[in-house]
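Colleague: First the structure, which I've put down as structure tokens, then a few questions once you've had a look.
The values are calculated or read from the model by the stated rules, or taken from the named source; none is laboratory data. Since this is a predicted model, take the numbers as computed values, not measurements. Cβ placement follows ideal geometry from the backbone for every residue including glycine, while neighbour counts extend to all protein chains displayed.
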Amino acid sequence: MTTPLLQMQSITKDFPGVRALDDVSFEVQAGEIHALCGENGAGKSTLIKILGAVHPHGTYDGQLRIDGKEQRFHSVRDAERAGIAVIHQELALISEMTVAENIYLGQEPRRFGIIDKHRLYRDAAQLLSQFGLTLPLQTSVHELGIGQQQLVEIAKALSRNARLLVLDEPTAALTENEVKTLRQILAQLQEKGVACIYITHKLKEIFQGADRVTVLRDGKTVATQAVAACTEPMLISQMVGREFSRAARFPKREGAARVQKQVALRVANLSTDSLEPPRLDAISFEVRRGEILGLAGLMGAGRTELINVLFGAYSGSWSGDVFINHIAVRNRTPRDAIRHKMGLVSEDRKRYGLILDADVACNMTLANLGHTESIINRSAEFEKCNHYVESLRIKTASLTVPVSHLSGGNQQKVVLGKWLMTRPEILFLDEPTRGIDVGAKAEIHALIAQLAAEGLAIVFVSSELPEILGISDRILVLHEGKLTGEFINDNVTEEDILRCAAGTYETDI
Ligand SMILES: Nc1ncnc2c1ncn2[C@@H]1O[C@H](COP(=O)(O)OP(=O)(O)OP(=O)(O)O)[C@@H](O)[C@H]1O
Ligand SMILES: [Mg+2]
């Protein structure tokens, strides 16, 4: 056997109150795609942060070798110099800079000491075409959606000619097509002998592209194995430490029984005036109390825009009527929406959902403050927070830990907890289980069903069709800003939905 490209040996990493990694050993061969999976908080990102020197030498125990030689990385630059490019779970782009500037950040081509803008844009264009990526190079990053930002990070890593590319949940926000492009890029790199560590909660992706897979559980390595020798149930049971049947992944459906007569939200003829797609076009629908309405569609179909308009979080102008409990309302700000007992778990938790430096308790009570306006009683507040930390099984050492210290999936659960604390009557969930592991996903599905049973009207956006089919009572499909399908969730197939989502099939609505 040749010397592995990367060896991480007996790695142990402690944070106050948590052992994130406990004697983990992990190896990657040159040219292999090595998947890394495990539940939220298992230690995946921490392992990667050690490799990328976000946690430098001396802050952990154990050894790191490249080509058999021990490495002591003191800074991120050291890791980069050794040929390691990491795309972290929380993106680190500079939002005021353009796409091209971000790609070459820190390694800008220079002429007489000054950044050579002309060459920068030319190089960037060349890089993109080499890998078949399309991105608006002159646009500021803050104008891009989260999926495109992810692609900018990928381009940035590619520009560094790394020997080992590390992707921490790269596809969480990508469209099907973008995922396909990414898979082609990895295959292209693999041919050149570049290795890749690929963290994902989407098991399908492991089977589609990886050579080997390592499973972490509670900071320990459970197994490293060839993907060809694995099955999905096998991986799941390694991750959660118990058998986990497919049926257990979605709550039992009580059918229409839960859905009440009372219409909680009615939308009539809603259109936006935006010049850029997606432009919402005469959208009409209603949601009843106790109902889970799934919103399906491809990325960019207008689902997020629709929810943002309803929640008062849309910056452009729009027309149409919105009725909450039969009363016409027009939410101009999220505060208006909260007052009307709406909640929104947004798809971009970093931008809209959390204050990363503030602690867990503070984040969970954030949305509540606006409408109770009472003097904050810290101990009553803590009690409520604890309730949600337990019921959502948020893995945190305490309520006073900054939210940035939580694993990605656990941060997402904090956002959910925050909105549940406002006791909304209408809850919008935009990709609420993105980045959440299989076990916790099932818990969130059960929770959504329970909330609906308590009478909440729920509008649920997800790009994962099994999930939409697994929990919705009714499904609406959007395509390029128009409603192209409506289904009572009874014998609907993924194909039916996909056809509407692609705009090639119309039901009679
Ligand atoms: N900077 C930090 N300070 C304190 N604790 C931390 C810090 N970073 C991570 N942890 C803790 O270490 C553990 C492992 O977290 P990590 O982010 O590695 O999980 P993960 O496997 O990437 O999970 P996810 O799938 O949710 O992204 C968690 O308990 C987390 O709360
Ligand atoms: Mg992580």
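Colleague: Of everything in the range 157-184, what is in a helix (DSSP H, G or I) and in contact with a strand residue (DSSP E or B) (Cβ under 9 Å, 6 or more places away or on another chain)? Give them in sequence order.
Modeller: Just the residues of the range 157-184 that are in a helix (DSSP H, G or I), to begin with: 157-158, 176-184.
Matches in the range 157-184: A157, L158, L182.
Colleague: Restricting to the range 281-317, what's the tally of residues that are buried (at least 19 other Cβ atoms within 10 Å of the Cβ), modelled with pLDDT of 95 or more and in a strand (DSSP E or B)?
Modeller: 7
Colleague: So C385 ticks every box in (1) within 19 Å of A173 (Cα to Cα); (2) modelled with pLDDT of 85 or more; (3) in a helix (DSSP H, G or I) but one. Which box is left unticked?
Modeller: Among (1) within 19 Å of A173 (Cα to Cα); (2) modelled with pLDDT of 85 or more; (3) in a helix (DSSP H, G or I), the lone unmet condition for C385 is (1).
Colleague: Quick one: what pairs do we get from the range 149-171, first residue under 15 Å from T98 (Cα atoms), second within 16 Å of ligand 1 (Cβ to nearest atom), C-beta under 6 Å, 6+ apart or different chains?
Modeller: Q149/L91; Q150/A173; E153/I87; E153/L91
Colleague: Further question on the same structure: For the range 418-441, give me the residue count where each residue is assigned to a helix (DSSP H, G or I) and within 15 Å of ligand 1 (Cβ to nearest atom).
Modeller: First pass over the range 418-441, keeping only residues assigned to a helix (DSSP H, G or I): 418-420, 438-441.
Still in the running and within 15 Å of ligand 1 (Cβ to nearest atom): 438-441.
So the answer is 4.
Colleague: Further question: Could you list, in sequence order, the residues of the range 488-504 that are assigned to a loop (DSSP other than H, G, I, E, B) and of a type outside the set (D, E, K, R)?
Modeller: The initial filter retains those residues of the range 488-504 that are assigned to a loop (DSSP other than H, G, I, E, B), namely 489-493, 502-504.
Hits for the range 488-504 are N489, N491, V492, T493, A502, G503, T504.
Colleague: Does H74 meet the test of being outside any strand (DSSP E or B), more than 16 Å from ligand 2 (Cβ to nearest atom) and modelled with pLDDT of 95 or more?
Modeller: Working: outside any strand (DSSP E or B): yes; more than 16 Å from ligand 2 (Cβ to nearest atom): yes; modelled with pLDDT of 95 or more: yes.
Spelling it out, H74 is indeed outside any strand (DSSP E or B), more than 16 Å from ligand 2 (Cβ to nearest atom) and modelled with pLDDT of 95 or more.
Colleague: Something else about it: Mind checking whether some residue in the range 186-197 is in a strand (DSSP E or B), touching a residue at least 60 places away in the same chain (Cβ under 8 Å), in contact with a strand residue (DSSP E or B) (Cβ under 6 Å, 6 or more places away or on another chain) and away from ligand 2 (no atom under 16 Å from the Cβ)?
Modeller: Initially, the range 186-197 is screened for residues in a strand (DSSP E or B), giving 195-197.
Applying the additional criterion that residues be touching a residue at least 60 places away in the same chain (Cβ under 8 Å) yields 195-197.
Among the residues that remain, those that are also in contact with a strand residue (DSSP E or B) (Cβ under 6 Å, 6 or more places away or on another chain) are: 195-197.
With the extra rule that they be away from ligand 2 (no atom under 16 Å from the Cβ), the set shrinks to 195-196.
Checking the range 186-197: at least one residue is in a strand (DSSP E or B), touching a residue at least 60 places away in the same chain (Cβ under 8 Å), in contact with a strand residue (DSSP E or B) (Cβ under 6 Å, 6 or more places away or on another chain) and away from ligand 2 (no atom under 16 Å from the Cβ).
Colleague: Same structure, new question: Does the range 92-109 include one or more residues that are within 16 Å of ligand 1 (Cβ to nearest atom) and in a loop (DSSP other than H, G, I, E, B)?
Modeller: As a first pass, look at the range 92-109 and keep what is within 16 Å of ligand 1 (Cβ to nearest atom): 92.
Among the residues that remain, those that are also in a loop (DSSP other than H, G, I, E, B) are: 92.
Looking through the range 92-109, at least one residue is within 16 Å of ligand 1 (Cβ to nearest atom) and in a loop (DSSP other than H, G, I, E, B).
Colleague: Can you say whether I154 is assigned to a helix (DSSP H, G or I), surrounded by 21 or more Cβ atoms within 10 Å (Cβ to Cβ) and under 20 Å from the mean Cα position of the chain (by Cα), as far as the supplied structure shows? Show your work before the answer.
Modeller: Working: assigned to a helix (DSSP H, G or I): yes; surrounded by 21 or more Cβ atoms within 10 Å (Cβ to Cβ): yes; under 20 Å from the mean Cα position of the chain (by Cα): yes.
The answer is yes for I154.
Colleague: Pairs please, first residue from the range 484-497 and among the aromatic types (F, W, Y), second anywhere and surrounded by 13 or more Cβ atoms within 10 Å (Cβ to Cβ), Cβ atoms under 6 Å, 6+ apart in sequence or on different chains.
Modeller: Pairs found: F487/I475.
Colleague: Just a yes or no: is a residue in the range 265-278 more than 21 Å from E425 (Cβ to Cβ), at pLDDT below 95 and of a type in the set (A, V, I, L, M)?
Modeller: The answer is yes; a qualifying residue exists.
Colleague: Among (1) surrounded by 21 or more Cβ atoms within 10 Å (Cβ to Cβ); (2) within 17 Å of R217 (Cα to Cα); (3) among the β-branched types (V, I, T); (4) out of contact with any Phe, Trp or Tyr (no Cβ under 7 Å at 6 or more places or on another chain), where does V18 come up short?
Modeller: All conditions pass for V18, except number (1).
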